[in-house]
Amino acid sequence: MSTEHPAEAETPPVEPPSAPTRRAFIATTTAAGGGAVVGGVVAGPPVHAAEVPPGSRVSLTVNGARRTVTIDNRTSLLDLLREHFGLTGSKKGCNAGACGACTVLVDGRRVNSCLTLAVRLEGAEVTTIEGLAKGDRLHPLQQAFIDQDAFQCGFCTPGQIVSGVGCIQEGHTGSAEEIREWMSGNLCRCGCYVKIERAVEQAAGRK
Ligand code: FES
Ligand code: FES
């Protein structure tokens, strides 16, 4: 979950277009055959929901199962998982990339699914919290969360565990400080950070 920012390019100052006065706006905005003339551009009649294109088709693998759906292009991966596939383990906390409650793995990498457009995932492999256990056998990190009592309300826990799996796979478990750093994108309102870090250590084999 890197946060690289492209270098800001120097752009010459742009003169803002002069804002129309209220009187001019009203004068140039008139009904015209069900449409409107705004600033010289003729807008068509309102588009009804039934006329909106259905969106795009996307095929991806979720927890080992191939899924193909047609979705609105604006659908986030989180909404695809929760609303279309019924996989409600990934939580919608902030829906803005700030809390990590929605963390899933895409092709083995941690992502905030609330910020990921589902239509861009053609052919991708997605792993959610529901895909970690093997039948009745918990993933070692799920077991470690129980052993270390690393949760209270549990809302952040699916995201913490999936993120911890990513952290271990990436090899960022060399020290407690390193784990804390690489798990810092996952917030816990209950303040279970010490035990979460211990659970990741346990699953990584450092305890
Ligand atoms: Fe995605 Fe908070 S819900 S980061
Ligand atoms: Fe409650 Fe983390 S256990 S928010």
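Read the figures in this text as sums done on the coordinates, not as results from a lab. All figures in this text were calculated on a predicted structure; none of them were measured in a lab. Every residue, glycine as well, gets a Cβ built from its backbone with ideal geometry; the counts of neighbours run over all protein chains shown.
Things to note:
- Loop-resident GluC sites (Glu not before Pro) (DSSP state other than H, G, I, E or B) in the stretch 91-163 with no more than 15 further Cβ atoms inside 10 Å of their Cβ: 122.
- Cβ crowding within 10 Å averaged over residues, with 71-82, 144-155 ranked highest first: 71-82, 144-155
- The modelled label-to-label distance between residue 146 and residue 57, using points 7 Å beyond Cα along the C-beta direction, is 4.2 nm.
- Going by neighbour counts of Cβ atoms within 10 Å, the residues 68, 116 line up, fewest first, as 68, 116.
- Using a simple spin-label model with pseudo-atoms 7 Å out from Cα toward Cβ, residue 84 and residue 69 lie 0.5 nm apart.
- Where a label projected 7 Å from the Cα of residue 175 along Cα→Cβ would reach, residues of the stretch 184-207 with amide N under 11 Å: none
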